[in-house]
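Beneath this line is the structure, given in structure tokens, with notes to follow.
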């Protein structure tokens, strides 16, 4: 039986898969998907954290809870959740891939799957909307694959999983169309997304709540109970994967009001719409340009379908309200139009937990941007004649591709970046050759100069993980560190000194004597300068006595 040539059928799915695969082939270098290209070899970027965290977790024996390991932030350890290693993915690889493969990099595959996921979700959404148009399919695939907030996230792997938001929107549409709650599909999506990225989980969960509000059975007590199923399962899973965890292990973060979205964000960033000084420092997190093609398509959809648009907004009032709230939160409590301050206000105190844990508020506009694209294409499909609609989709594709060329080239340049080594590998191999099992790095994360972290801690952490050495700190999200000199001295005194290497960053310990002052008077180390650090050893007693 042949494949029916229907854009919402298997033929449409194959086309979406083909475009997504071509996008990966076109914009990523050889070896990228396999995790072996030069881009992944960097010692000083965010991907260093992902590579190090994954391999430390992957190589560690299974623990309770399942996501715990102690080779980074030793001896307290941490959770894979706080290393941006995509815990669900890392755990599956840990179960099914032999540890003899370590160290290796699995994130190129994840990026490729994220790109293909964008294309597949475009097909799924149009299928649920019953938009049967090949050009609409191509247009939506192109818009989702080139979505600026997606392509600019290539350095933050877990945040590239935008198909979570798109899958949530597809399930929302399906639940409204079929009047079935899609409970098990939502459960799978939400539980999985929690163990992929917490920001994307929150966005998807909010869309799920909007879907529940519209469910015809929402007022029945039994239905309300079933609505909590995804969160009950997730809560129970925490006692297997993450909990128990000391309160001191989770630090609140600052940055809300800085990592926000500018009012101009949806309108600048492409080739044709150029706005000078369109954002404040930190608002790169709120980069949310929609593209000239999408902006014009959305404007046209509102003009020709004004009455229908108002009707749709009322029918989907919960989702509409959610998108408004997402936009408000993305703007944060310090609203700017370019460099100009428009308003400053304070959120109530009970929201402190939210604003400190989700400080990069600018990201919350992403679902809004996707809704704008989907709404525009669906409305034009229903309001324009077949020929005019086809012409509008061709214009949309051409404008979007041309306008966003600069951003695609920027992504291309990023992934083709040739990494330069930071550490003198031979020198480090020499000082770790004598049975070094532990590495103590000072100052610990969040204690020293923040401008030196990527140049010092990142390469050291990567080196320790690759060589199977446990390190006392690490680039760990929401971690706490005791920065007092007394704590440093106590940690060194309690360490297995003859099996340990001590690394003191010269930017914080300018003179080697400052480093030696951290050791007990009767156990003074031998130190030498390597790269950016005073590297010290306390030699075995029999060696020292010679």
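A few points about this structure:
- Once the Kirkwood radius over Cα pairs is known for segment 168-415, the Stokes-Einstein relation at 25 °C and 0.890 mPa s delivers a diffusion coefficient of 121 µm²/s.
- The stretch between residue 284 and residue 76 holds 71.5 nm of extra length on full extension. This uses 0.36 nm per residue minus the Cα-Cα distance.
- Cα long-axis angle, helix 386-403 against the chain (0 to 90 degrees, to the nearest 10): 20
- Beta bridge orientation in segment 425-544: antiparallel %, DSSP, nearest 5: 60
- Take the Kirkwood radius over Cα pairs of segment 395-490, plug it into Stokes-Einstein at 37 °C and 0.692 mPa s, and you get 196 µm²/s for translational diffusion.
- Distance (nanometres) between label positions extended 7 Å along Cα→Cβ at residue 347 and residue 325: 1.2
- If you model the chain as an ellipsoid using its alpha carbon gyration tensor, with each semi-axis the square root of five times an eigenvalue, the axes come out at 47, 24, 23 Å, biggest first.
- With Cα atoms defining each centre, segment 402-417 and segment 478-500 are spaced 44 Å apart in the structure.
- The ranking of 401, 372 from fewest to most other beta carbons within 10 Å of each one's beta carbon is 401, 372.
- Each of residue 388 and residue 274 was given a label point 7 Å from its Cα along the Cα-to-Cβ line. The distance between the two points is 3.5 nm.
- At an R0 of 45 angstrom, the distance between the Cβ atoms of residue 424 and residue 337 translates into a FRET efficiency of 0.40.
- DSSP beta bridges confined to the chain are antiparallel in about 65 percent of cases.
- Were the residues from residue 499 through residue 46 laid out at 0.36 nm apart, the gain over their Cα-Cα distance would be 160.2 nm.
- Put in line by how crowded their Cβ is, counting other Cβ atoms within 10 Å and starting with the fewest, 25, 110 read 25, 110.
- Computed helical MRE - 222 nm, the chain, DSSP H runs ≥ 4 contributing -39500 (n - 2.57), nearest 500: -16000 deg cm²/dmol
- Theoretical FRET efficiency, 1/(1+(r/R0)^6), r = Cβ-Cβ of residue 97 and residue 413, R0 30 Å, to 0.05: 0.45
- Sorting 327, 460, 99 from the fewest to the most surrounding beta carbons within 10 angstrom yields 99, 327, 460.
- Separation of the residue 437 and residue 529 label points, Cα + 7 Å toward Cβ, nm: 3.3
- Between 0 and 90°, nearest 10: helix 163-178 axis offset from the chain longest Cα axis: 30
- Modelled label reach - residue 356, point 7 Å along Cα→Cβ, segment 82-99 residues with backbone N closer than 20 Å: 82-83
- Between residue 198 and residue 406, residue separation times 0.36 nm minus the direct Cα-Cα distance comes to 71.9 nm.
- Nearest-ten-degree value, helix 485-494 long axis tilted from longest Cα axis of the chain: 70
- Cα Rg over Rh - segment 425-544, Kirkwood: 0.92
Read-outs throughout are calculated quantities, based only on the coordinates presented, and are distinct from any laboratory measurement. Computed from a predicted structure; not experimentally measured. In this analysis, Cβ positions are derived from the backbone assuming ideal geometry, glycine residues included, and neighbour counts consider all displayed protein chains.
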